[in-house]
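Below is one structure; the comments refer to it alone.
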Amino acid sequence: MNTGDKPSIVILISGRGSNMISIVKAAQDGQLPVTIAAIISNRPDAAGLEFAQQAGIKTAIINHKDFDSRESFDQALTKEIDTYSPTLVVLAGFMRILTTEFVDHYAGKLINIHPSLLPKFKGLDTHQRAIDAGEKEHGASVHIVTAELDDGPVVLQARVAILSNDTASTLAARVLEQEHQLYPKAIKQLIS
């Protein structure tokens with residue numbers, strides 16, 4: 001479902017969708033030449049869905065709780081995504097571990113943003129772990145998704161200095177600001 005000759009993207013969210021919002025705004029401002037075909041959430045109560053609907057973007061909910069296995073959920077999600085034939089599938093706070101079958105289906109077209117300078121600090125609690133490790137800098141990485149968690153090739157990174165008085169939450173807030181600039185840039189780089 002392409003409008004004109006712009007590449008299309010489908011964005012997957014689980015919550016407030018702050019990175020999704022930054023991508024939508026970049027597309028609306030003409031900084032990111034994409035058509036956002038749909039926003040899909042695995043949670044019916046995801047706050048980001050309301051923003052997407054108000055922006056006039058098609059939304060869908062594939063509630064993971066309606067499925068008895070990760071595989072059946074991923075199959076339903078794949079079926080929905082494929083109706084849009086997207087150039088890229090963008091994970092923006094999508095809090096589900098995806099099956100290898102799903103990842104392989106979108107090989108090279110599935111991207112994620114992770115709050116660390118990969119390959120450092122894969123998984124959760126990245127900000128506290130960076131502080132605890134005595135790191136001087138931290139940041140965010142946009143990467144191609146592979147079957148191994150937070151392991152695919154890095155597309156782009158943003159760096160943030162770790163200050164002596166940083167807590168996990170103050171560091172997280174500064175990293176998130178960078179994420180909002182980084183994700184649209186990385187998508188633009190991938191589609192050009």
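Report, by residue number, each residue of region 24-37 that is under 18 Å from ILE81 (Cα atoms) and in contact with a helix residue (DSSP H, G or I) (Cβ under 8 Å, 6 or more places away or on another chain).
Residues of region 24-37 under 18 Å from ILE81 (Cα atoms): 24, 34-37.
VAL24, VAL34, THR35, ILE36, listed by residue number.
Would you say HIS127 is out of contact with any strand residue (DSSP E or B) (no Cβ under 8 Å at 6 or more places or on another chain), part of a helix (DSSP H, G or I) and buried (at least 17 other Cβ atoms within 10 Å of the Cβ)?
no
Pull up region 142-170, narrow it to residues that are over 18 Å from LEU118 (Cβ atoms) and hydroxyl-bearing (Ser, Thr, Tyr), then point me to the one that is surrounded by the most Cβ atoms within 10 Å (Cβ to Cβ).
THR170
Looking at region 125-151, which of its residues are out of contact with any Asp or Glu (no Cβ under 9 Å at 6 or more places or on another chain) and either aromatic (Phe, Trp, Tyr) or at pLDDT below 95 (or both)?
GLU148, LEU149, ASP150, ASP151, listed by residue number.
Show me the strands (runs of 3 or more DSSP E) found entirely inside region 1-66 where at least 1 residues are within 15 Å of the chain's Cα centre (by Cα). Spell out the reasoning first.
Details: elements: 8-13, 35-41, 59-61.
Output list reads 8-13, 35-41.
Let me spell it out: the conditions are (1) surrounded by fewer than 17 Cβ atoms within 10 Å (Cβ to Cβ); (2) of a type outside the set (Gly, Ala, Ser); (3) assigned to a loop (DSSP other than H, G, I, E, B), and LEU117 meets all of them except one. Which number is the exception?
Unmet for LEU117, out of (1) surrounded by fewer than 17 Cβ atoms within 10 Å (Cβ to Cβ); (2) of a type outside the set (Gly, Ala, Ser); (3) assigned to a loop (DSSP other than H, G, I, E, B): (1).
Suppose the filter is part of a helix (DSSP H, G or I), within 25 Å of ALA76 (Cβ to Cβ) and modelled with pLDDT of 95 or more; does VAL103 pass it? Can you show your working first?
Working: part of a helix (DSSP H, G or I): yes; within 25 Å of ALA76 (Cβ to Cβ): yes; modelled with pLDDT of 95 or more: yes.
Yes: the conditions hold for VAL103.
Quick one: count up the residues across region 38-64 that are in contact with a strand residue (DSSP E or B) (Cβ under 7 Å, 6 or more places away or on another chain) and without any contact (Cβ under 8 Å) to a residue 24 or more places away in the chain. Walk me through it before giving the result.
Taking region 38-64 as the starting set, the residues that turn out to be in contact with a strand residue (DSSP E or B) (Cβ under 7 Å, 6 or more places away or on another chain) are 38-41, 44, 46, 48-49, 52-53, 57-62.
Add one more test, that the residue is without any contact (Cβ under 8 Å) to a residue 24 or more places away in the chain, and what stays is 44, 53, 58-62.
Of the residues in region 38-64, 7 are in contact with a strand residue (DSSP E or B) (Cβ under 7 Å, 6 or more places away or on another chain) and without any contact (Cβ under 8 Å) to a residue 24 or more places away in the chain.
The values are calculated or read from the model by the stated rules, or taken from the named source; none is laboratory data. For clarity, every value in this text was computed on a predicted model and none was experimentally measured. Neighbour counts are summed over all protein chains in view; Cβ atoms, including those assigned to glycine, are modelled from backbone coordinates with ideal geometry.
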